[in-house]
Amino acid sequence: MQDAERDVQAIAKGYTAAWNSGDPDQVAAFYTPEGALTINGGEPSVGRVSVAEAARGFMEAFPDLVLVNDRLERSGDRINYHWTFSGTNTGPGGTGRAVRFSGYESWILSDSGLIQDSLGSFDAEDYERQLAGE
């Protein structure tokens, strides 16, 4: 395995552990200070504070969340980080329903190995159906 590939694998492993830590600041630490996370084409979360808030939303809604890195693949200058998310919506105002859904983030990494830009995507309709218990 080449050094660059090994580095990407290490980044993905650490990022997955950060999501599973329950600490949104650990997720944000994988981003450059001006890094951006966009989920399903919504308003980008720009900067570490904003990225941490986005992560906090999921972590609070799903206190038992488990994120699994399914695979990594290169696509041009991007790294596609495919994942599966599972958890029970028992946070404030939660439905008490369990969810399991897959998606991916498409990253542009800085020279220092931090995420400059992440375009995240998952099936929001499926997610909402699971929350509603359908």
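The values are calculated or read from the model by the stated rules, or taken from the named source; none is laboratory data. In this text, all values refer to a predicted model and were calculated from it rather than measured experimentally. Here the Cβ positions follow ideal geometry from the backbone for every residue, glycine too, while neighbour counts run over all protein chains shown.
Data for the structure
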| quantity | calculated |
| --- | --- |
| Sole residue being hydroxyl-bearing (Ser, Thr, Tyr), modelled with pLDDT of 95 or more, surrounded by fewer than 18 Cβ atoms within 10 Å (Cβ to Cβ) and under 23 Å from Glu5 (Cβ atoms), chosen from Thr84, Thr88 | Thr84 |
| Given (1) more than 19 Å from Asp117 (Cα to Cα); (2) touching a residue at least 24 places away in the same chain (Cβ under 8 Å); (3) touching a strand residue (DSSP E or B) at 6+ places or on another chain (Cβ under 7 Å), index of the condition Gly91 fails | (3) |
| Only listed residue being modelled with pLDDT under 95 and in a strand (DSSP E or B), chosen from Arg74, Arg100 | Arg74 |
| Any chance Gly76 is surrounded by 18 or more Cβ atoms within 10 Å (Cβ to Cβ) and either closer than 25 Å to Gln9 by Cβ or in contact (Cβ under 8 Å) with a residue 60 or more places away in the chain (or both) | no |
| Yes/no for Ser50 being at pLDDT 95 or above and not basic (Lys, Arg) | yes |
| Near pairs, Cβ below 9 angstrom, 6+ apart or cross-chain, from region 43-65 (of a type in the set (Val, Ile, Thr)) to any residue that is part of a helix (DSSP H, G or I) | Val49/Ala28; Val51/Pro24; Val51/Val27; Val51/Ala28 |
